[in-house]
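Visitor: Have a look at this one.
Each value in this text was obtained by applying a stated rule to the coordinates, not by laboratory testing. Worth saying up front: this structure is predicted, and the values here are computed from it rather than measured. Reconstructed Cβ throughout: ideal geometry from the backbone, glycine too, with neighbour counts over all protein chains shown.
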Amino acid sequence: MLDHIMTVRQLIKYAGYELQLKVTAGYDGLDRALKTAESNRPGLALCGHYDHFGHERVQILGHGEISYIESLTPSDRTEILQKFFSYALPCVVVTSSLPIPSELVAIGNHVNIPILSTRLSSAVFTTRLLPFLEDEFGPSEYVHGNLVDVFGVGVLILGASGIGKSECALELLQRGHRLIADDTVLLKRVSGHRVFGMRAQPLKHYMEVRGLGIVDVVGLFGVTAVGDRTQVELVVTLELWDETKAYNRTGLDEEVYTFHNERIPCVLIPVATGRNISNLIEVAAMNLWGQKLGFHVAKEFNETLIGEMAERNDETTLDEWQHTTLHREILKPTKSKII
């Protein structure tokens, strides 16, 4: 898993507009690192209780904290704030456009800890900050594969080296779909139980195709043929056809690809001469859309066959039924897991 560090400067750059952040003091500390998605209301710490103080989190000062600071005598205020800022705080955010005590500004500038202000209330600010930081600090890994947006479905294509992943992605591009990443895909789990995939820099807009070399996707197919990232909703694993292996023929046995406890639908496609893999991937993406809309063909087909079996059982004896071809064909899917 990749370690990720975000700075206060990056927080302001990428979320400053949504969070309505403005730097008030501590400009020299904007490169301090944020290492967790959690924030902290330091009321107990300001009162002198520093046991289990989450100093590594973004510190949020609202009406209660600012009112308490202003109620102190100047000497007590300075003493308490010096103790508070003796910890390695990433930054302090004052919410609701509250007046910031001058001692807070002075100490922030002295120890180079950014003091930020926002017009948002503490509750709204915390609600908006959490999903943004969760997205940034979600676990991430690099995987060897291709990521293509097919009919709005992010399809991650996996398989052994030389199996034809890039060739398949190239054919999907020719059909009007979008390339997100070739050869190396960065996967990241974000809030809402989602997994996003993106390309690894600096290989953007390029593909490696054996026999052709490096291909400029934008130059050949235009800017609409590429994307920065997409949610991974389907994983397709390619492997050479194995005559001794029993492949899924009904679609009732649903496989999943697990990424940090997130389960993504997965299909295994055997590669053999004459099989158009890009066609199969398009059908798999359209089939996934159908399942999202409540249409599960394999389950409906299985239920229809079970209904026919029940009707035939009413009309024939058990011995006659057991020798029919229909019974032998139905028996296979009914033994498998039926949801």
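Visitor: For a distance above 26 Å, tell me the whole-number percent of Cα pairs in the range 6-137 that qualify.
Guide: Values: 1093 of 8646 pairs.
Within the range 6-137, distances greater than 26 Å cover 13 percent of Cα pairs.
Visitor: For Y142 and T304, FRET efficiency with R0 = 51 Å and r from the beta-carbon atoms, rounded to 0.05?
Guide: For T304 and Y142, the calculated efficiency is 0.70.
Visitor: What's the Cα-based Rg to Rh of the chain, Rh via Kirkwood?
Guide: Across the chain, the Cα-based Rg/Rh ratio is 1.17.
Visitor: Could you pull the Cα extents of the range 148-206 along its three principal axes, largest to smallest, in whole Å?
Guide: 33, 24, 22
Visitor: Cα centroids of the range 95-152 and the range 246-304: how far apart, whole angstrom?
Guide: If you average the Cα positions of each part, the centres end up 39 Å apart.
Visitor: May I pose another question? Just report the Cα centroid separation between the range 174-236 and the range 17-44, whole Å.
Guide: Measuring centre to centre over Cα atoms gives 33 Å.
Visitor: Relative to the present Cα-Cα distance, how much length would full extension add between V209 and T244 at 0.36 nm per residue of separation?
Guide: Gain on stretching V209 to T244: 9.6 nm.
Visitor: If I model a spin label as a point 7 Å beyond the Cα along the Cα-Cβ vector, how far apart are those points for Q291 and E18 in nm?
Guide: Inter-label distance under the simple model: 2.9 nm.
Visitor: Could you give the size of the charge dipole of the chain about its Cα centre, using +1 on the Cβ of each K and R and -1 on the Cβ of each D and E, expressed in debye and rounded to the nearest 20?
Guide: Magnitude of the dipole: close to 880 debye.
Visitor: Quick one: go through the range 3-26 and flag any residue whose amide nitrogen is under 14 Å from the point 7 Å out along the Cα-to-Cβ line of S97.
Guide: Under 14 Å, as judged by backbone N against the label point of S97, lie 20-22 of the range 3-26.
Visitor: What are the extents of the Cα atoms of the range 140-295 along their three principal axes, in Å, largest first?
Guide: Extents along the principal axes: 42, 41, 27 Å.
Visitor: If you take the alpha carbon radius of gyration of the range 123-174 and divide it by 2.2 N^0.38 Å, what ratio comes out, to two decimals?
Guide: Rg over 2.2 N^0.38 Å, computed on Cα atoms: 1.72.
Visitor: How much of the DSSP beta bridge set in the chain is antiparallel, as a percent to the nearest 5? If you can, show how the numbers build up before the last one.
Guide: Values: 37 of 58 bridges.
Rounded to the nearest five, the antiparallel share is 65 percent.
Visitor: While we're on this one: Say we join alpha carbon atoms closer than 10 Å with springs in a Gaussian network model of the chain; which of L98, L179, L238 then has the biggest fluctuation?
Guide: L98
Visitor: Let me ask something additional. Label H49 and V256 with points 7 Å out from Cα along Cα→Cβ: what is the distance between them in nm?
Guide: For H49 paired with V256, the spin-label model returns 4.1 nm.
Visitor: Using +1 at the C-beta of Lys and Arg and -1 at the C-beta of Asp and Glu, which of V8, V124, S140 has the Cα lying farthest in the positive direction of the dipole of the chain?
Guide: Of the listed residues, the answer is V8.
Visitor: Quick one: among G192, G145, G54, which has the greatest mean-square fluctuation in a GNM of the chain with alpha-carbon springs under 10 angstrom?
Guide: G192
Visitor: Once you have the Cα-Cα distance between R263 and D76, take 0.36 nm times their residue separation minus that, and quote the gain in nm to one decimal.
Guide: Fully extending the segment from R263 to D76 adds 62.0 nm.
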